[in-house]
Amino acid sequence: MAVTTGFNHIATVTADLDRIVAFYEQAFGAKKTFEMAAQPDHPRMAILDLGGGAALNVFEAASEDDIVGDRRVQGGRGPIDHYGIAVDSLATLESVRDTLAEMGTDIGEIHMLGDTWSLFFRDPDGMELEVCAPGDA
């Protein structure tokens, strides 16, 4: 049996911290619980509470050119390709889909992957991400 209780946080990098924070607040109801100004040895950052004990730590790069890789290409995003944000039900997933569509977000179709409902989307930086709901909910 695993001794872990799941993920505590995922960390990501953006060239526009305010835009990404606003996106997650609007799309997912995330709450910013911490923000730190840039320091000589640390970039500006924010922590977003995504619910269920999960957080998104977002670091701000000086420019898009300082971010390594190609967010739009699988394999170009580095060894961690994407992350999936959990919601409690298909109904919630459909509501998130509708919100993302209203925001003009690039979204796919809801489909079943194994025993999980899945919706892929691109954040404002073009990063492909996923929202997942249990298939039995």
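Data table
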read-out: Matching residues in region 110-119 - criterion: being at negative phi and free of Cβ contacts under 8 Å to residues at least 24 places away in the same chain; value: Ile110, His111, Met112, Leu113, Asp115, Thr116
read-out: Filtered residues of region 1-47 (kept if among the β-branched types (Val, Ile, Thr) and either in contact with a strand residue (DSSP E or B) (Cβ under 6 Å, 6 or more places away or on another chain) or part of a strand (DSSP E or B) (or both)); value: Ile10, Thr12, Val13, Thr14, Ile20, Val21, Thr33, Ile47
read-out: Residues of region 89-108 that turn out to be under 14 Å from Cys132 (Cβ atoms) and assigned to a loop (DSSP other than H, G, I, E, B), as a count; value: 2
read-out: Among residues of region 112-128, those that are touching a strand residue (DSSP E or B) at 6+ places or on another chain (Cβ under 6 Å) and part of a strand (DSSP E or B), counted; value: 8
read-out: Residues located in region 123-135, provided they are more than 12 Å from Tyr83 (Cα to Cα) and surrounded by 13 or more Cβ atoms within 10 Å (Cβ to Cβ); value: Pro124, Asp125, Ala133, Pro134, Gly135
read-out: Exclusive hit being surrounded by fewer than 14 Cβ atoms within 10 Å (Cβ to Cβ), acidic (Asp, Glu) and outside the structural domain of Cys132 (by TED's automatic domain parsing), set Asp49, Asp18; value: Asp18
read-out: Region 6-63: number of residues that are over 27 Å from Ser95 (Cα atoms) and among the β-branched types (Val, Ile, Thr); value: 0
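Here is a yes/no grid of residues against (1) at pLDDT 95 or above; (2) surrounded by fewer than 12 Cβ atoms within 10 Å (Cβ to Cβ):
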{"position": "Asp70", "(1), (2)": "no, no"}
{"position": "Arg77", "(1), (2)": "no, no"}
{"position": "Glu94", "(1), (2)": "yes, no"}
{"position": "Glu102", "(1), (2)": "yes, yes"}
{"position": "Ile110", "(1), (2)": "yes, no"}
{"position": "Gly114", "(1), (2)": "no, yes"}
{"position": "Phe121", "(1), (2)": "yes, no"}
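The values are calculated or read from the model by the stated rules, or taken from the named source; none is laboratory data. Predicted model, so just to flag it, every value in this text is computed and none were measured. All Cβ positions, even for glycine, are placed from backbone atoms using ideal geometry, and neighbour counts span all protein chains on display.
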